[in-house]
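These notes are about the structure you will find just below.
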Amino acid sequence: MKVVIGADHGGFELKEFIKTIIPAMGYEVTDAGNHVYDAKDDYPDFAIAAAKTVAEGKAERGIIICGSGVGASIAANKIKGVRAGLCHDTYSARQGVEHDNMNVLCLGARVVGIEVAAELVKSFLNAKFTGEERHTRRLNKVLALEK
Ligand code: RB5
């Protein structure tokens, strides 16, 4: 599975760490930027780039990081086809995929440390949408908003 990752200055350091652990989980990772630390960069630039990569089918999952994860989730959810969730507990990171078909995980690097972030990423990437009728029915009501 291909995974795209993106972060502004608030999430840059955590992004660099997460990039190193994803291959060991058995997934391929590409970096949508920022590629250098820039204290003046803007989270929408990288959240949108990563979200579009998922929406265009170039990656199946995305991970977007900013300081709180809030700005990243707001921006990513503007992109059609993206279902981004800000999750700082492993239950939500897993269940968001299983029930809601979440395809982008947003993280706040100023909220969680690297070990918790690693657990969140693992829970998110290893989870699969169940496809159960009740979840599909609910998801279709959300998808109808994009038409
Ligand atoms: C950047 O300082 C910070 O505002 C940004 O990373 C993010 O937390 C926005 O939601």
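Observations on the structure shown:
- Subset of segment 31-57 (residues that are touching a Lys or Arg at 6+ places or on another chain (Cβ under 7 Å) and exposed (fewer than 15 other Cβ atoms within 10 Å of the Cβ)): none
- The set of residues in segment 98-116 being touching a residue at least 12 places away in the same chain (Cβ under 8 Å) and over 18 Å from Lys141 (Cβ atoms) consists of Val104, Leu105, Cys106, Leu107, Gly108, Ala109, Arg110, Val111, Val112, Ile114, Val116.
- Residue among Gly57, Gly113, Gly96, Gly81 that is farther than 28 Å from Arg134 by Cβ and modelled with pLDDT of 95 or more: Gly113
- Selection count where residues are surrounded by 15 or more Cβ atoms within 10 Å (Cβ to Cβ) and within 16 Å of the ligand (Cβ to nearest atom), scope segment 89-127: 8
- Residue, farthest from Lys78 (Cα to Cα), within segment 88-147, restricted to residues that are aromatic (Phe, Trp, Tyr) and in a helix (DSSP H, G or I): Tyr91
- Residue match in segment 71-84 (condition: within 14 Å of the ligand (Cβ to nearest atom), touching a Leu at 6+ places or on another chain (Cβ under 8 Å) and without any contact (Cβ under 8 Å) to a residue 24 or more places away in the chain): no
- Residues that are within 14 Å of the ligand (Cβ to nearest atom) and over 17 Å from Ala76 (Cα atoms), drawn from segment 13-54: Glu13, Leu14, Tyr37, Asp38, Ala39, Lys40
The values are calculated or read from the model by the stated rules, or taken from the named source; none is laboratory data. Keep in mind the model is a prediction, meaning the values are calculated, not measured. Positions of Cβ are backbone-derived with ideal geometry, glycine not excepted, and every protein chain shown enters the neighbour counts.
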